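The values are calculated or read from the model by the stated rules, or taken from the named source; none is laboratory data. None of the values given here were measured: they were computed from a predicted structure. With ideal geometry, Cβ positions are generated from the backbone for all residues, glycine too; neighbour counts draw on all protein chains shown.
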Amino acid sequence: METSRAMRLSGPALAALYILVCLTPVILAAAGTVAPLDPWEVGAAALGLAGLTAMAVQFVTSGRFGIVSGRLGIDKIMAFHKIAARWVMLGLVLHPVLYVLPTWLDDPALGQERFIAYLTLPHYRSGVVALGSLFLLVLSSLLRERLPWRYEIWRASHLILGAVAVGAGLHHALTTGRFSAAGLVEAFWWLVALAVAAVLAILYGWRWLMLHRRPWRLASVRKVADRMWELDIQPEPGNPAWPYEAGQFVWMTVGDRRFPLFDHPFSIADSPSRAGISLIVKEAGDFTGAIGRLEPGTPIGIDGPYGEFVLAAHDAKAVVLLAGGVGIAPIMGLLRDMVARRDPRPVRLAYAAGTPVNFACLDEIETAGRMLDLRTMFASEEDAEGWAGVVGRLDRQRLAELLEGLDPRQTIALMCGPGPMVTAVSDTLLDLGLPIDNVVYERFDYGGGVTSRLDRRRALQFAGIGVALAAMLGLLAVFIR
Ligand SMILES: Cc1cc2nc3c(=O)[nH]c(=O)nc-3n(C[C@H](O)[C@H](O)[C@H](O)COP(=O)(O)OP(=O)(O)OC[C@H]3O[C@@H](n4cnc5c(N)ncnc54)[C@H](O)[C@@H]3O)c2cc1C
């Protein structure tokens, strides 16, 4: 669900809110009194309370809520979602371990017996189910690219395992948690249950309804490069057009399969000044492989807009646009919008692809040069007869050439492409003097891989949130009686 820019929270505000929400049940527990606990039990309980809340919060860091992910962009919010999953897992695994650790240190056999009792007694069953689901969830995410499952199957399993983990965790907290029996904490868990139910209802109920009540239709589909298609999608009469910013993306479903679980993200390759939207799609698998065969008139479901890969979010004197492969889609959106607005700033565009037949929209980019102060560089890894661009990659020398005449400190670079290209080019742009906040990129897959300096800075910031959460949890635990 997208929100207006003013309503989107900044990174530091989100970090503070995240820590506060995760610690809320611990604060409530500290305010009440239960039967005396030893420090191990207090630590175990605090980890359980904060861990379960953090696990529930994972539902809103999935990139679908503009108020949460709006100012961060999909790349950052997904990176946070993945890092936070690690401390959720760690905290919740330590939760039962800390309960038995003192016994185990005194008498390992008795400790083991207690641990087995925790795992097997019916009283704790929902806790074990929650932990087991969480474990499967994390494992299937780490192994996603190696599992022989279709993406949709993995996604459905991710949703079901997440819902089971949180549902069973809440049941466990309400039926076995000592603090949960004390009014405020119990009320908090019911609130969390309600919030998770509302999130699921919005994601899969409300969005399903909107996909059907606000239909779009495929106006045309045309080939723009080898295995690459451009779709013109128009709203049905009566479906109000929504405002978006060039560079944002939408989730698309096709035909009768207009259910949110089947949607795929695609960047809008268009300017908001034109009616409808255009998408440039590269054949990658089942869904995209059938795009070129769609008939004009096919009903389309569009949910959006999302993302922060936009120029309006940055104030700069010059613009560098960089595209790798189908990463040209949002770059064309930005370029078309600059043309529509007759943006007077200097623009440099570098576009890299594997072979000359992979390049799309070259004529249009050339035409844009008549309306903008635009300089271009096309780099193909393979040469071919008639290819007029450069052969090879966008290395340091070529990027320096591209930036010639621009003040790097006053330049914003927006880049979209495959992971390795994004990593290498963004690091080089920093070497060439662009400030770290002026290099903005979006990747088309959430998989890991080699990280850029920007990714590492981001990971460090997120780790800082985890450390702050752990430190405050430790402090608060002192007050639990
Ligand atoms: C923010 C964003 C913008 C994108 N914009 C474009 C674009 O403008 N043009 C374009 O051609 N591609 C774009 N993609 C990539 C596109 O979404 C995938 O190529 C497409 O979903 C593949 O689906 P498939 O069934 O054909 O292939 P599959 O074989 O099912 O998937 C290939 C890979 O695509 C990714 N993927 C598949 N389904 C989804 C999904 N529902 N959600 C997220 N990732 C998925 C997975 O990493 C998967 O391994 C974008 C991706 C993201 C995240």
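Do you know which residues across region 207-216 are surrounded by 14 or more Cβ atoms within 10 Å (Cβ to Cβ) and assigned to a helix (DSSP H, G or I)?
Hits for region 207-216 are ARG207, TRP208, MET210, LEU211.
A quick yes/no check of all residues on (1) crowded, with 19+ Cβ neighbours inside 10 Å; (2) in contact (Cβ under 8 Å) with a residue 24 or more places away in the chain; (3) under 30 Å from the mean Cα position of the chain (by Cα):
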site	(1), (2), (3)
THR376	no, yes, no
TRP387	no, yes, no
VAL390	no, no, no
GLU401	no, yes, no
ARG409	no, yes, yes
MET415	yes, yes, yes
PRO420	no, yes, yes
SER426	yes, yes, yes
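Can you go through VAL164, VAL199 and tell me which one is of a type in the set (Val, Ile, Thr), within 30 Å of ALA31 (Cβ to Cβ) and either more than 16 Å from the ligand (Cβ to nearest atom) or in the same structural domain as ASP263 (by TED's automatic domain parsing) (or both)? If you could, list the steps in order and put the result at the bottom.
Working: VAL164 fails: within 30 Å of ALA31 (Cβ to Cβ).
Matching residue, one of VAL164, VAL199: VAL199.
Scanning region 159-203 for residues that are not in a helix (DSSP H, G or I) and not hydrophobic (A, V, I, L, M, F, W, C), which turns out farthest from PHE262 (Cα to Cα)? I'd like the intermediate steps shown before the answer.
To start, the set of residues in region 159-203 that are not in a helix (DSSP H, G or I) comprises 177-178, 182.
If we keep only those that are not hydrophobic (A, V, I, L, M, F, W, C) as well, we get 177-178.
Numbers: GLY177: 38, ARG178: 41 Å.
Among those that are not in a helix (DSSP H, G or I) and not hydrophobic (A, V, I, L, M, F, W, C), it is ARG178.
For region 304-319, state whether one or more residues are at positive phi and out of contact with any Asp or Glu (no Cβ under 8 Å at 6 or more places or on another chain).
no
Just name the residue that is nearest to the chain's Cα centre (by Cα) out of those in region 137-146 that are loosely packed, with under 15 Cβ neighbours inside 10 Å and more than 10 Å from the ligand (Cβ to nearest atom).
Step one: of region 137-146, the residues loosely packed, with under 15 Cβ neighbours inside 10 Å are 139, 142-143, 145-146.
Those left that are additionally more than 10 Å from the ligand (Cβ to nearest atom): 139, 142-143, 146.
Numbers: LEU139: 19, LEU142: 16, LEU143: 18, ARG146: 20 Å.
Ranking the candidates gives LEU142 first.
Any chance region 314-328 includes a residue that's in contact with a strand residue (DSSP E or B) (Cβ under 9 Å, 6 or more places away or on another chain) and either under 10 Å from ALA246 (Cα atoms) or of a type in the set (S, T, N, Q) (or both)?
Residues of region 314-328 that are in contact with a strand residue (DSSP E or B) (Cβ under 9 Å, 6 or more places away or on another chain), as a first pass: 314-328.
Those left that are additionally either under 10 Å from ALA246 (Cα atoms) or of a type in the set (S, T, N, Q) (or both): none.
Within region 314-328 (the criterion being in contact with a strand residue (DSSP E or B) (Cβ under 9 Å, 6 or more places away or on another chain) and either under 10 Å from ALA246 (Cα atoms) or of a type in the set (S, T, N, Q) (or both)), the answer is no, since none of the residues qualifies.
Would you check if GLY466 is in contact (Cβ under 8 Å) with a residue 24 or more places away in the chain and outside any helix (DSSP H, G or I)? Walk me through it before giving the result.
Numbers: in contact (Cβ under 8 Å) with a residue 24 or more places away in the chain: yes; outside any helix (DSSP H, G or I): no.
Considered against the rule, which asks whether it is in contact (Cβ under 8 Å) with a residue 24 or more places away in the chain and outside any helix (DSSP H, G or I), GLY466 comes out as no.
Each row is one residue, and each column tells you yes or no for (1) more than 30 Å from ARG150 (Cα to Cα); (2) assigned to a loop (DSSP other than H, G, I, E, B); (3) assigned by TED's automatic domain parsing to the domain that holds ARG398; (4) touching a residue at least 24 places away in the same chain (Cβ under 8 Å).
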| position | (1), (2), (3), (4) |
| --- | --- |
| GLU295 | no, yes, no, yes |
| VAL326 | no, no, yes, yes |
| ALA329 | no, no, yes, yes |
| ASP343 | yes, yes, yes, yes |
| ARG348 | yes, no, yes, yes |
| ALA352 | no, no, yes, yes |
| VAL357 | no, no, yes, yes |
| THR367 | yes, no, yes, no |
| ARG370 | yes, yes, yes, no |
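Given the criterion assigned to a helix (DSSP H, G or I), surrounded by 20 or more Cβ atoms within 10 Å (Cβ to Cβ) and modelled with pLDDT under 95, identify the matching residue among ALA45, ALA50, ALA54. Break it down into steps so the answer makes sense when it comes.
Details: ALA50 fails: modelled with pLDDT under 95; ALA54 fails: modelled with pLDDT under 95.
Going through ALA45, ALA50, ALA54 in turn, the sole match is ALA45.
Quick test of your reading of the structure: GLY285 fulfils all but one of (1) more than 16 Å from the ligand (Cβ to nearest atom); (2) modelled with pLDDT under 95. Name the failing condition by number.
The number of the failed condition is (1).
Restricting attention to region 245-258, and to residues there that are surrounded by fewer than 21 Cβ atoms within 10 Å (Cβ to Cβ) and within 19 Å of ILE328 (Cα to Cα), which single residue is farthest from the ligand (Cβ to nearest atom)?
Among those that are surrounded by fewer than 21 Cβ atoms within 10 Å (Cβ to Cβ) and within 19 Å of ILE328 (Cα to Cα), it is GLU245.
If you check ALA275, ALA312, which single one turns out to be more than 13 Å from the ligand (Cβ to nearest atom) and modelled with pLDDT under 90?
Working: ALA275 fails: modelled with pLDDT under 90.
Exactly one residue qualifies, and that residue is ALA312.
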